[in-house]
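Just so it is clear, none of the values below were taken in a lab; they were calculated from the coordinates. What you are looking at is a predicted structure, and each value in this text was computed from that prediction instead of being measured. Positions of Cβ are backbone-derived with ideal geometry, glycine not excepted, and every protein chain shown enters the neighbour counts.
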Amino acid sequence: MATIQIQGRIHGDIKLRSLGEDKGQEAAFTLMDATRGKKDKEGNRLNDFFYCKAYGFNADFIAKYFGPGSWIGVHGKVDQWKGDDGRTNWTVIIDGSTFLGDKKDAY
């Protein structure tokens, strides 16, 4: 598996779900990262979106301290999988996260 470090803003809600008794939780969210130097025809910056998942302590930490618009740094592994439509998809499996801005700046 490849490793990755990304910083960006959480796009949308964090989805938290239980993995069953004594197995902890999973937090899933999309991280939006502004693409450096790329713009559309109107001059607006383009963004990349990364689907992310965190488990156990990392899931609890992210769900508790971050929300939509929060600026966060994450590092982890890239997991590749094929969807039902045959397309290749990637998910960042988070090993750790960092605060990059004040919570008040996110909302």
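For the chain, lysine pairs with C-alpha atoms less than 27 angstrom apart, excluding pairs fewer than eight positions apart on the same chain, total 22.
Between Tyr51 and Arg87, the contour length at 0.36 nm per residue exceeds the Cα-Cα span by 11.5 nm.
Note on Met32 and Phe61: the extension gain reaches 8.5 nm, defined as 0.36 nm multiplied by sequence separation minus the Cα-Cα distance. The ellipsoid that matches the Cα gyration tensor of the chain has semi-axes, each √(5λ) in whole angstrom, of 24, 19, 12, with the longest given first. The loop-placed trypsin sites (Lys or Arg not before Pro) in segment 5-107, going by DSSP, that have at most 12 neighbouring Cβ atoms within 10 Å of their Cβ come out as Lys23, Lys41, Arg87.
Amide H to amide H, with H built 1.01 Å from N, Gly24 comes under 5 Å of Leu19, counting only residues 5 or more places away or on other chains. Taking every DSSP helix (H) stretch of at least 4 residues in the chain, weighting each as -39,500 (n - 2.57) and dividing the sum by the residue count yields a mean residue ellipticity at 222 nm of -2500 deg cm²/dmol. Taking Cα centre as origin and charging only the Cβ of basic (Lys, Arg, +1) and acidic (Asp, Glu, -1) residues, the dipole magnitude of segment 2-105 rounds to 340 debye.
Amide H contacts for Gly96 (H built 1.01 Å from N in the peptide plane; partners 5 or more residues away or on another chain; cut-off under 5 Å): His75.
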